[in-house]
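Some notes on the structure that comes next.
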Amino acid sequence: MKILLKLFLSFARIGGLTFGGGLAMLPMLKYELCEKHGWVTEDEIIDYYAIGQCTPGIIAVNCATFVGYKKKGIIGGVVATLGIVTPSVIIILLIASVLNIFMGNAILLHALAGIRIAACALITATVISLAKKGITDILCGIIFAAVLVISFFFDVPSIAIIAASGIVGIVAGIIKRRRKKA
Amino acid sequence: MSIYLLLAWEFFKTGLFAIGGGAATIPFLSEMGGKYGWFSQEELTNMIAISEATPGPMGINMATYVGYTTAGFAGGLIATLALIFPSIVIICLVAKFLTQFRDNKIVNDAFYGIRPAVAALIATVVIGLIQDAFYKPDTGLTAALIPPAILFLVIFVMLQFKKLKKIHPVFWFAGAAVAGIVLKM
C-alpha cells in the first residue's frame, strides 16, 4: 500500500513539474526514479523511452506504466499512470473553465490570436525535427512525401495511413533481408 | 450514442493508434473536430498552445482540454482515461516480453515505416492550422496578414538556434500574446 502511494505521488510530481512531455521529462524522471527512489536504473529508463516511442500512446504515460508495473504489477502500472495524469487534468480543467468565462473579452481574443501564431511556429519546428528523425533514407522520404500528399488532398483516416505505412515498413524489411542473403 | 461514449471511443482509438508521443495525437484531434463539429480549427490551436504552456504531458493536456470543451468536466476526465487505457494494457503486456519486443525485426520494420508517416500526418494538420491562424473571414487576404506573418517568421527563425530552442513555450506565448494585443491581431 505504501509503495502504491509513493508511486502515485512520485509520478504526480513528475507530471506537475515538467512541461511538454516526451524527452523534456527525462531529467525529472531520472531524478525521481533513479536518484531519489532507486526504483530503476538509468539504462532501464532509456529502454522504456525507446519502447515508449514505438508503442502507441503518450511516451510519458507509457514510461509511468512501465515503472509502476515493474514495482507492483498491473496495479502499480495503473496507479503510476493515474499519478502522472492527475496534475494535468486538474490544471487544464481550471484553465479551461477560467478561459471560457473571459472568452468574449477583446483583449483576450487578440492575445489568443498572437498565441496561436506562436503555437503554429512551435509545432512547425516540432514537425521538422520529427521529420528529420523519421526520414533516415530514400524510402522514408518517399513515405513522408506520399502521406503528406494523400492526407492533404484526400480524406483518409489517420489509422488507415499508420497501418499502411507500418505494412510498407515490414515488407521493405523483408525485401532488404532477402537481398542481403542473396 | 451518448456524447460520453462517443468521446471515450474516439479517445480510445487515439490512444491505440497515436504512435510517437503527444504531437501524434494532433491528427486524430483534428479529425474529431471535423467529423463531429466539437470544436473549430482555431479552438484546436488554442488548446494546443495551452497544452504546451502548462505542466504535464502535452498529449494528456490536450485530451483533457478537448474532452472538457466537448462535454464539460466529465468529458475531460473520460477523454483522458480513454486515451491512457490502451497504453496501460499494451505496456503491461510488453513489459513481460521487454527485450523480445525491442529486438523484434517486424516491430522495428513497422516503426521504420510509421515514423515518417506520422511526421507527414502532423505536417498536414499544421498546414491547416497555419491557414486558419492567418485567415480572417471578414478581411480575407489583406495587408492585415503581414504582422502575423512576421511574428510567425521571427519565432520560427529564432527556434532554429539551439540556445533559443530551450526557452520555455510559456515565454514565446507571452511575447506573442503581447504582440497580438499591441497589433490587434
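What follows draws every value from the coordinates through simple rules; no lab data is involved. None of the values given here were measured: they were computed from a predicted structure. Using ideal geometry, Cβ is built from the backbone for each residue, glycine included, and neighbour counts are taken over all protein chains shown.
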For the stretch A:1-92, what is the relative contact order in percent, using Cα pairs closer than 8 Å and at least 6 residues apart in sequence?
-> 38 percent
Label model pair residue B:167, residue B:89: point-to-point distance (7 angstrom along the Cα→beta-carbon line) in nm is 4.4 nm
Hey, for a label at residue A:179 modelled as a point 7 Å past Cα toward Cβ, could you say which residues of the stretch A:104-148 have their backbone N under 16 Å away?
-> A:136-143
What residues have an amide H closer than 5 Å to that of residue B:19, excluding those fewer than 5 places away on the same chain, when H is modeled at 1.01 Å from N in the peptide plane?
-> A:57
Roughly what % of Cα-Cα distances in chain B sit above 29 Å, to the whole percent?
-> 33 percent
Under the definition of partner shielding as Cβ atoms of other protein chains within 10 Å of a residue Cβ, what is the mean value for peptide B:42-51?
-> 6
Over chain A, what is the mean sequence separation of C-alpha contacts under 8 Å (at least six apart), divided by residue count, expressed as relative contact order in percent?
-> 18 percent
Sorted peptide list for B:166-177, B:108-119, criterion being average Cβ within 10 angstrom, highest first = B:108-119, B:166-177
FRET E, pair residue B:146, residue A:159, Förster distance 41 Å, beta-carbon r, rounded to 0.05 | 0.55
Could you put A:28, B:62, A:1, A:103 in order, starting from the residue whose Cβ has the fewest other Cβ atoms within 10 Å?
-> A:1, A:103, A:28, B:62
Among residues other than residue A:144 whose Cβ falls under 13 Å from its Cβ, what is the net charge (Lys/Arg +1, Asp/Glu -1)?
-> +2
With a point put 7 Å past each Cα toward its Cβ, work out how far residue B:174 is from residue A:34 in nm, to one decimal.
-> 3.1 nm
log10 of Debye I(q)/I(0), alpha-carbon scatterers only, for the protein assembly as shown at 0.07, 0.11, 0.14 Å⁻¹ | -0.30, -0.75, -1.21
What residues have an amide H closer than 5 Å to that of residue A:18, excluding those fewer than 5 places away on the same chain, when H is modeled at 1.01 Å from N in the peptide plane?
-> B:56
Check every DSSP H run in chain A and write down those whose alpha carbon atoms cover 20 angstrom or more along the long axis and whose mean Kyte-Doolittle hydropathy is 0.0 or greater.
-> A:2-17, A:59-101, A:106-134, A:138-153, A:158-181
For B:66-73, what's the mean count of beta carbons from other chains sitting within 10 Å of each residue's beta carbon?
-> 3
State which helices in chain B qualify, where a helix is a whole DSSP H run, it must extend 30 Å or more along its own axis by its Cα atoms, and its mean Kyte-Doolittle hydropathy must be at least 0.0.
-> B:58-96, B:105-134
Peptide A:67-80: average number of partner chain Cβ atoms within 10 Å per residue?
-> 2
